[in-house]
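A short write-up of the structure that comes next.
The values are calculated or read from the model by the stated rules, or taken from the named source; none is laboratory data. No experiment lies behind these values; they were computed from the predicted model shown. Reconstructed Cβ throughout: ideal geometry from the backbone, glycine too, with neighbour counts over all protein chains shown. For accessibility, only protein heavy atoms count, side chains too; no ligands or nucleic acids. Shrake-Rupley method; radii C 1.70, N 1.55, O 1.52, S 1.80 Å.
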Amino acid sequence: MQSKLKTHIKNIELFFKGSNFYRGVVVTIAIVLPLAVLFSINLFEYAPAIALGSFLNAPSDIPGSLRRKTNGILISIGLTMLISFIIFLTKPVFILLLVAIAILGFCSSLISAFGSRASLISFSGLLAIVLGLAVDKPDLKSIVIHVGLLGVGGLWYLFISLLSNKIFPRKDDDQLLSDTLKLTGDYLKLRAKLLTKPNKRGKLSEKALVIQTEISEKHETLRELLLEGRKRSGRSYSNERRLLIFISLIDIFELAVANTLDYSKIDALFGQNKDHLIPFKKMNKELGNHLIALSDLLIKKADLPDRQILTTIFDKTEQAILEYVDQITLPKAREGAITLRNLQTYQKQLLREVRAIRRVLNRVKNNSKVTLKTQESKQFLTSQDYRFNILLQHFSLKSPMLRHALRLAFAIVFGFLLGSILDLKNAYWIVLTIIVIMRPNYGLTKERSKNRIIGTIIGAIIATLIILVTKNMILYMVLAVVSLTFAFSLIQQSYKVGAAFITIHIVFVYALIEPNAFAVIQYRVIDTIIGATIAVLANYILFPSWEYKNLDDVISNVISSNKNYLKATKNLYHDKVTNNLEYKVSRKEAFLAMSNLNAAFQRLTQDPKSKQKESVLIYDIVTLNHTILSAIASIGTYILNHKTTMASEEFDTIIEGITASLKHSASILDNNKISIFSEEKEIHQAHNTLKKNYENLSQKRDIDIKAGQTQIDKKTLLNLQEAHLISNQLFWLKSLSANLSKATSKYKSVFN
């Protein structure tokens, strides 16, 4: 009970010290301060428009480089001013207003094609439509003044945002690093469960894919923040520390993915008696807990966790290997012993990276310098194409983005029209609910609708109870400000809770203006339910975009990225120094592509059951690609972290065969089927040669054991490990690539 209480207290402290709450405070200050200052100098009539301008342009203020953040807010200001002006001009003529809403809604939504920041600028544009409907301006002069003040409010918000960034310049960096550390810790703990829980591996593997996607997304944002920041402000000690942590996190993630075990082989080797695996499971779990504990240190001051626990558990893994060899005896125990030894080597590498993060957080001065050059760092950044032809590429009904834009335009026009016909007090609330809830895919829209309705009802109940207890206007004012802060702080973490605080804020703002606050609560709930219903139905009926129809390019991209990653790994084996950068860039692209496929599959599972066509086959393709990525990463990490022998001709022959198979699979999806020209006989001979090399090493070791040399020297051990890993992973990759070729052929035949 006490431990749970301590955890809750720690989480509350982390929330108040984190960047999400800080951003909520910044937005609240930007909105409330103009109201307070202008009220005190008797110019309050200008205050609401300035506050609305701040509110409208806050969404695009997300973590990223300072240049992109500033440009994003400036573009948002221009867009919201233009949209507000058009809405005000067309308001007197209802038909003209509906046309304007439809066109502006469509165009604003289509801006999302330019990426995540653009999607939030798009959201600001849609919000401008709603706020334009909410405000009445009788003549052109008042319209021009109001729109101008919206622009002033946007510039005011930009100033506050830049000032807050100056005060705490690394708040976003630390929060993202903390979140990534925690996610990586959760991932390692999940991998620990996979080791000894065969009955739960299906669900645990699906959960692992979700976490992998989240980690990859965090890595992409951190690359922009840290590498762009380093390029802009130079190599400060603070920047270097964060970059060192990030590099260790990437290495940990690659190590974890690379060591995705063949669990059927684990079960065959160790059977039901998995006692020898328990220390390895505990080690993974403790490494995960250690990363989670370290994640807290980036947000709040605390002592470093005890490192002795890690050392003690790691020592037990060595004991487990020795006990396994004693129990099974050599040479029968060799396969299992090498498997355990490889697992131990992987955990030793994880331990090394965790200790590196500890040293950075402990501010040890002799950390290795980051030697990444500016030109090299650019290759790790994913550039967003902002050319106009990106929009033109989406002008096809095959484009999910165009379908979403059309769907949203129809939905907001219908919602506003329905509210006007029913003569609802605030018909624009229906439009607001639609634009906030509606997403390109049905599953997410349905989930957000549910959370929005539940959050609104919870907020309405809380507000009602407070209004019944007291009529204190000062309390209402305080609650309106506080609830606004929490709404902005929590909306990304928990949409349901954020919606509750938004409702509380709106109710108390209206309670300060109108005496009948209960009517506001009633209309708020009704309009939310109507808007949510329209959003869900529109996603299902109007230009539906089911995920199974959009997977060809995503799967093809993963296969091509894995092919390039495999080729880079082959080059790395030949020359580690020359090909190191090529390998790491290819690795990044492969991991990102896999993350996109994982996300696409998650969206597929959120679609209605009737629209989840061939979900089992698609899941097989996802897992095959993930396993191929893991096998390539396994070879790559071994080459990077060990002194290896020269790459053999047999290695190159098998790699070429696997590459050809992957190329064939991608060509099937691209409707450009090519034949595989690799010689199966040569590949088979090459694999037999590698296998024989390993058997020769094993036989030599058996002779040494019979001669009484039970202690294995380091060189022999490393040669055995290398031969075992390379031979097994190549054979596994060959089998996986063949299975993928069959799966993609079946997939294409089903969906053609």
Once a ≥ b ≥ c are taken as the square roots of the eigenvalues of the Cα gyration tensor of the stretch 144-195, is the result rounded (a/c under 1.5), prolate (a/b larger than b/c) or oblate (a/b not larger than b/c)? oblate
Assign one of three labels to the stretch 1-151, namely rounded, prolate or oblate, based on the Cα gyration tensor with a ≥ b ≥ c the square roots of its eigenvalues; rounded applies when a/c is under 1.5, prolate when it is not and a/b is larger than b/c, and oblate otherwise. prolate
Per the Kirkwood formula on distinct C-alpha pairs, the Rh of the stretch 595-642 is how many angstrom? 12.3 Å
Where in the stretch 102-131 does the label zone of Leu392 land, with the point 7 angstrom along Cα→C-beta and an amide N cut-off under 16 Å? none
Quarter of Cα convex hull surface for the stretch 25-65, i.e. mean projection, nm²: 3.1 nm²
Evaluated at 20 °C with a viscosity of 1.002 mPa s, what Stokes-Einstein diffusion coefficient in µm²/s does the chain have when Rh comes from the Kirkwood expression over alpha-carbon pairs? 74 µm²/s
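Return the calculated 222 nm mean residue ellipticity for the chain, to the nearest 500 deg cm²/dmol, obtained by summing -39500 (n - 2.57) across DSSP H runs with n ≥ 4 and dividing by the residue count. Walk me through the numbers before you get to the answer.
Values: 28 runs with 592 residues, N = 752.
So the helix-based figure for the chain works out to -27500 deg cm²/dmol.
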By average C-beta atoms within 10 angstrom, highest first, the peptides 200-212, 32-44, 343-355, 644-656: 343-355, 644-656, 200-212, 32-44
Does a label point 7 Å from the Cα of Ser420, set along Cα-to-beta-carbon, have any residues of the stretch 100-122 with amide nitrogen under 19 Å, and which are they? 100-107
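Based on the mean of other Cβ atoms within 10 Å per residue, sort peptides 660-668, 614-622 so the most packed one is first.
Values: 660-668: 22.9, 614-622: 17.8.
Highest mean packing first, the order is 660-668, 614-622.
Quick one: pull the percentage of alpha-carbon pairs in the stretch 101-140 with a separation above 12 Å.
Numbers: 452 of 780 pairs.
For the stretch 101-140, the fraction of Cα-Cα distances above 12 Å is 58 percent.
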Mind checking the dipole of the chain: about its Cα centre, +1 per Lys or Arg Cβ, -1 per Asp or Glu Cβ, Debye to the nearest 20? 980 debye
Prolate/oblate/rounded call for the stretch 419-536, Cα gyration tensor, a/c under 1.5 rounded: oblate
Along each principal axis, Cα extent of the stretch 288-345, largest first, Å: 52, 16, 11
Treating only Lys and Arg (+1) and Asp and Glu (-1) as charged, each at its beta carbon, one finds that the stretch 1-122 has a dipole about its Cα centre, in Debye to the nearest 20, of 580 debye
Among Met594, Phe501, Thr7, the residue whose Cα sits farthest towards the positive end of the charge dipole of the chain (+1 at Cβ of Lys and Arg, -1 at Cβ of Asp and Glu, taken about the Cα centre) is Thr7
Projecting each Cα onto the charge dipole of the chain (Lys/Arg +1, Asp/Glu -1 at the beta carbon, about the Cα centre), which of Ala100, Ala666, Asn451 comes out farthest on the positive side? Asn451
Of Asp306, Asp423, Asp296, which has the most accessible area with a 1.4 Å probe, and how do the rest follow in descending order? Asp423, Asp306, Asp296
Cα-centre dipole for the stretch 511-652 with unit charges at Cβ (Lys and Arg positive, Asp and Glu negative), debye to 20: 200 debye
Using packing as a proxy for protection, rank 553-561, 312-320, 728-736 so that the peptide with the highest average count of other Cβ atoms within 10 Å comes first. 553-561, 728-736, 312-320
Among Thr80, Thr90, Leu133 the positive-end extreme of the charge dipole of the stretch 28-166 (Cβ point charges): Thr80
Using the heavy atoms of the protein chains alone and a 1.4 angstrom probe, what is the accessible area of the chain per residue in square angstrom? 47 Å²
Could you work out what % of the accessible surface of the stretch 556-633 is carbon and sulfur, using a 1.4 angstrom probe and leaving DNA, RNA and ligands out of the count? 47 percent
